[in-house]
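Participant: Encoded as structure tokens, here's the structure I'll be asking about.
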Amino acid sequence: MEREIIVFDFDKTLTYKDTLLAFYVHVSPKSYRFPCKLLFYFFCMFLFKMKVISNNGLKIVGFNLFLKGLKNEYIEARSKAFSSRIKYNNLFKDFDFENKERRIFIISASFEVYLKYCFPDNVNVIGSKYCLSKKRAEKFTFNCYSSTKKKVLCKKGIDKIDVFFTDSFSDFSLAEVSKEINVVAGDKIVKMKSVAS
């Protein structure tokens, strides 16, 4: 018997707020240049909202400003500490992520380096990634955003989802292949009909 496949987005699906900026702030060393980096990133966020730059472009900017050049050992340690500071919503608190009778996936545009510390080992965590050079963060390599999420799951042999939780319309490609769709807003969950039905 095949195990039920349950897929979650992360930010604002299992948390009350987006976590990426807080992660950048938590990990980045606080030198005299940090306020300038933060201001520039806010400006780029504005450009993204105005559709001047893409989500991928914003992610590259964030990586280059806050993570590039840092030792991976340092990032890992800060990521683990950060995962315990996230404000999770009731869905996260109430759901049994330890259940090994289901195949549970977390798929998010946030960085996998900290998402993996939020869940037990049986949960499959897929997020944005960077590559290393001489054990330091070197280059942003993968943005796990929008339709890319569906492609990643397909590569893992998953083309149908039994239960899907999201807060965002950008996850429509996953909703298309889901039997049950749950739209999350804070602690409220609204069940939607399958897009295919």
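Participant: Taking N as the number of residues in the chain, what is its alpha-carbon radius of gyration divided by 2.2 N^0.38 Å?
Facilitator: Relative to the rule-of-thumb radius for its length, the chain sits at 1.04.
Participant: How much accessible surface does L58 have with a 1.4 Å probe, in Å² rounded to 10?
Facilitator: Solvent-accessible area, nearest 10 Å²: 20 Å².
Participant: Calculate the radius of gyration of the Cα atoms of the range 99-196 to one decimal place, then report Dmax, the largest Cα-Cα distance, as a whole number, both in Å.
Facilitator: 14.6, 49
Participant: Based solely on its DSSP helices, what 222 nm [θ] is calculated for the chain when runs of n ≥ 4 H residues each add -39,500 (n - 2.57) and the sum is averaged over all residues, nearest 500 deg cm²/dmol?
Facilitator: -10000 deg cm²/dmol
Participant: Using only protein heavy atoms and a 1.4 Å probe, report how much of M50 is accessible, in Å² to the nearest 10.
Facilitator: Its heavy atoms expose roughly 110 Å² to the probe.
Participant: Follow-up. Under a point-charge model restricted to the Cβ atoms of Lys and Arg (+1) and Asp and Glu (-1), what is the dipole moment magnitude of the chain relative to its Cα centre, in debye to the nearest 20?
Facilitator: Here the chain has a charge dipole of around 920 debye.
Participant: Once you sort the root eigenvalues of the Cα gyration tensor of the range 143-190 as a ≥ b ≥ c, which label holds: rounded (a/c under 1.5), prolate (a/b larger than b/c) or oblate (the other case)?
Facilitator: Note, shape of the range 143-190 comes out oblate.
Participant: Which value, in Å² and to the nearest 10, is the accessible area of S28 when all protein chains are kept and the probe is 1.4 Å?
Facilitator: S28 exposes around 0 Å² with every protein chain in place.
Participant: Now a separate question. If each residue of separation counts as 0.36 nm, what is the full-extension length gain between K193 and Y32 once their alpha-carbon separation is subtracted?
Facilitator: Full extension of this stretch gives 52.8 nm more.
Participant: What are the lysines whose alpha-carbon lies under 27 Å from the alpha-carbon of K160, with same-chain residues fewer than 8 places away excluded?
Facilitator: Partners found: K12, K93, K100, K116, K129, K149, K150, K151, K179, K188, K191, K193.
Participant: Using the C-alpha atoms of the range 77-123, what convex hull volume per residue, in cubic angstrom, is computed?
Facilitator: Taking only Cα atoms, the range 77-123 has a hull volume of 80 Å³ per residue.
Participant: Return the loop-located trypsin sites (Lys or Arg not before Pro) in the range 50-114 (DSSP other than H, G, I, E, B) with at most 16 other Cβ atoms within 10 Å of their own Cβ; answer none if there are none.
Facilitator: K51, K68, R85, K87, K100
Participant: Which longest uninterrupted range of the chain lacks any GluC sites (Glu not before Pro) assigned by DSSP to a loop state (not H, G, I, E or B) and surrounded by at most 16 other Cβ atoms within 10 Å?
Facilitator: 3-97
Participant: Counting only protein heavy atoms, what percent of the accessible surface of the range 36-191 is carbon or sulfur at a 1.4 Å probe?
Facilitator: Carbon and sulfur: 55 percent of the exposed surface of the range 36-191.
The values are calculated or read from the model by the stated rules, or taken from the named source; none is laboratory data. If you're wondering where the values come from, they're calculated on a predicted model, not measured in any experiment. Glycine gets a Cβ as well: all are built from the backbone with ideal geometry, and neighbour counts include every protein chain shown. We work out accessible area using only protein heavy atoms, side chains counted, and drop any ligands, DNA or RNA first. Shrake-Rupley method; radii C 1.70, N 1.55, O 1.52, S 1.80 Å.
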